């Protein structure tokens, strides 16, 4: 096994063990404005990707199975591993113009099977908190309701050197999760989306 694969395996093991610790010790406070049942398009900010593994795992028990759109390059390998550990599945989509064929296939599949789809709104590389049109393209063409998910943390580590200010929650802390249904959203009419659960009305 190459040194690169050894490092990847070690990091995946560490991420998985830490996520399991967070699952056991962190209290989730839910604030939901959504009716579950049918398949939906879930959107979240890239900085919340780590904890979203647990959020989507818990949402999958309330709705249909959730597939997560992940970049097709090497960065997506770690993400896919975490998603699988939480019982989900990853949809690998290439960046740029090559994504079009993959997205057409995803929309077609949404007509043929009942699965929800989750996507980082400002992924894979930002700019931070500027939503791209992917989630809303899916909402419009698959005729599925868009559900925005915002998180806030009582205690966390924020990787300030990264473009997304990636968040790693600390054990025995509290995470607020705001879930808001915006209905079917057109890619030409993207709503203003909160960047923090505390900014959602009623939280």
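We did not get these values from a lab; they are worked out from the coordinates using the rules stated. Note that the structure is predicted; figures quoted are calculated from it, not measured. Neighbour counts are summed over all protein chains in view; Cβ atoms, including those assigned to glycine, are modelled from backbone coordinates with ideal geometry.
Key figures
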{"read-out": "Normalised alpha carbon radius of gyration of the range 1-102 [divisor 2.2 N^0.38 Å]", "value": "1.18"}
{"read-out": "Rg(Cα) / (2.2 N^0.38 Å) computed for the chain, rounded to two decimals", "value": "0.98"}
{"read-out": "Full-stretch length increase - residue 5, residue 162 - with 0.36 nm per residue and alpha-carbon distance subtracted", "value": "54.2 nm"}
{"read-out": "Calculated FRET value between residue 14 and residue 100, using beta carbons and R₀ = 35 Å, to 0.05", "value": "0.50"}
{"read-out": "Between the range 161-200 and the range 61-132, the Cα center-to-center distance that results, in Å", "value": "17"}
{"read-out": "Residue exposure sequence - 104, 192, 165 - by fewest surrounding Cβ within 10 Å", "value": "192, 104, 165"}
{"read-out": "Selected from 140, 130, 57 as most flexible by GNM, with the chain as the system and alpha-carbon contacts under 10 Å", "value": "130"}
{"read-out": "Distance histogram in 5 Å bins (all Cα pairs of the range 49-118, percent per bin)", "value": "3, 17, 27, 23, 19, 10, 1"}
{"read-out": "Which of 75, 24 has the fewest Cβ neighbours within 10 Å, and the rest in rising order", "value": "24, 75"}
{"read-out": "222 nm mean residue ellipticity, helices alone, for the chain (DSSP H n ≥ 4; -39,500 (n - 2.57); rounded to 500)", "value": "-10500 deg cm²/dmol"}
{"read-out": "Residues 5, 180 arranged by fewest to most Cβ contacts within 10 Å", "value": "5, 180"}
{"read-out": "Rg/Rg_ref, the range 70-176, where Rg_ref = 2.2 N^0.38 Å and atoms are Cα", "value": "1.17"}
